[in-house]
Structures are given as structure tokens and as C-alpha cells.
Amino acid sequence: MGLNHEIAKDLLDIKAIQIRTEDYFTWTSGIKSPIYCDNRLTMSYPAIRKKVVKGFVELIEQMDVKPDVIAGCATAGIPHAAWLADELNLPMVYVRSKPKGHGKGNQIEGHFEKGQKVVVIEDLISTGGSSIDSAQALMNEGAEVLSVLAIFTYGLEKSVEKFSEANLAFDTITNYEEVLALLVEDGTISGAESEKLQAWRKEL
């Protein structure tokens, strides 16, 4: 069993990911969705968060160029970035969604040098907007952003387009397809329900 499969199963087991074929969830944006993802729950499960770090390490090992610094997106990306930076013995920074309204007005906390190569860590990619904003904030301060890495993606076409427009690479440990395949495999949903859930995403 690959790590992407294992972590997808873990996320379902702890209800970090929940799927409803009826009575859809409502996202903050107002979108009605059959899936709800809250990867912050992984913080409370040491064995799972260690697997997540291992998943990020594997993604970085596949990269031709390696990072000098790990950056976490506030707030849900911060703990995973910290554990990953510790595992790789690399410096870490984190990026706020907007500059702080007091003190030095920092948007980026921590230190890096201009020209250093950075990997941005996020818990979830939905439309990709907040992750791209974080990457852009780092680039504005002179960082070279190699990629945005996340635990999970819905695989929305909008996110693929946004990353392409921003000329940014991204990758995830696991994804929507993996979750649906698991649910069909264990009989939680039928093949027809899986097709319906895939059609929902295409319609967005």
C-alpha cells in the first residue's frame, strides 16, 4: 500500500475527510460540496502526522532541486512545516494571509536570505488562491519558490489553472481520487455514487 493510499485511509478514519453522497456540506464560499476536509485534525494523532511528514519528504526527494527553507501557510500549514523542517534540519518561516496590523507589520515570520530556495507547505489545496498568495509574498521578498506541497487536493480544475497562471509547481501527498477509490473498495459508496461525486467536481 502506497503512502498516498495509507494517508487517505487515515484521513477518513479520523474524519479529517468526510464524504456525503446526499445532504452536501456548505463551504465558506457558499459552494455545496459532498466532501469536507479538515486536515488540522492530524495534529492530534502522532502516528498520522509522522506519516504526513514522511509523505512530504518523499515529494521533496522527487524534486530535482532541493529547498533551503521550509515555509508554512498560516495557520494550518504551520505545524506540518515545523515538523518537516525539523525532519530535514532546515530553517522554517511562516506566511500570514496578510501583513500583521501592528508591530513591524510582518507578513512573513522567521528569517531567510534573498535567493534561497523555498518549498511552501499547506494542509489543503482547494482553489489554490491562498497558497499562491503565500508563495507570491515569499517571492516578493526575494525567495525562489520551488513548489507548493499540500496533504490533500480536491483536484479542482480552477486550482490547476491558477497554479499554471502563476507559473508555480504544486503537488500533494494524496487526493480526491484516492479517497473515492478507497470508499468504493471498502463498500462505503457504490461505483455509481463515485461517478456522481466525480461529476460534481467537473461541474464546478
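Considered as a group, the residues in segment 78-125 that are buried (at least 22 other Cβ atoms within 10 Å of the Cβ) and of a type in the set (Gly, Ala, Ser) include one that is farthest from the chain's Cα centre (by Cα), and that residue is Ala85.
Kindly establish whether Gly129 is touching a Gly at 6+ places or on another chain (Cβ under 7 Å) and touching a residue at least 24 places away in the same chain (Cβ under 8 Å).
No; evaluated as a whole, the condition is false for this residue.
Evaluate segment 134-141: report whether one residue or more is touching a helix residue (DSSP H, G or I) at 6+ places or on another chain (Cβ under 6 Å), of a type outside the set (Gly, Ala, Ser) and crowded, with 19+ Cβ neighbours inside 10 Å. The answer is no; no qualifying residue exists.
Scanning segment 156-204 for residues that are surrounded by 12 or more Cβ atoms within 10 Å (Cβ to Cβ), of a type outside the set (A, V, I, L, M, F, W, C) and outside any helix (DSSP H, G or I) returns Asp171, Thr172, Thr174, Asn175, Thr188, Ser190.
Taking the residues in segment 11-27 that are outside any loop (DSSP other than H, G, I, E, B) and in contact with a strand residue (DSSP E or B) (Cβ under 9 Å, 6 or more places away or on another chain) as candidates, determine which candidate is farthest from Gly187 (Cα to Cα).
Of the residues in segment 11-27, the ones outside any loop (DSSP other than H, G, I, E, B) are 11-13, 17-19, 25-26.
Imposing the further condition that a residue be in contact with a strand residue (DSSP E or B) (Cβ under 9 Å, 6 or more places away or on another chain) reduces the set to 11-12, 17-19, 25-26.
Numbers: Leu11: 17, Leu12: 14, Ile17: 17, Gln18: 15, Ile19: 13, Phe25: 22, Thr26: 25 Å.
My answer is Thr26.
For first residues located in segment 44-55 and touching a residue at least 24 places away in the same chain (Cβ under 8 Å) and part of a helix (DSSP H, G or I), partners that are among the aromatic types (Phe, Trp, Tyr) and buried (at least 17 other Cβ atoms within 10 Å of the Cβ) and lie 6+ apart or on another chain with Cβ distances below 7 Å form the pairs Arg49/Trp83; Val53/Trp83. Could you please let me know if Val120 is touching a residue at least 12 places away in the same chain (Cβ under 8 Å) and part of a helix (DSSP H, G or I)? No. Scan segment 56-78 for residues that are in a strand (DSSP E or B) and farther than 15 Å from Val118 by Cα and the total you get is 0.
We did not get these values from a lab; they are worked out from the coordinates using the rules stated. Fair warning: this is a prediction, and the values are worked out from it, not measured in the lab. Cβ sites come from the backbone with ideal geometry, for glycine too, and all protein chains shown count toward neighbours.
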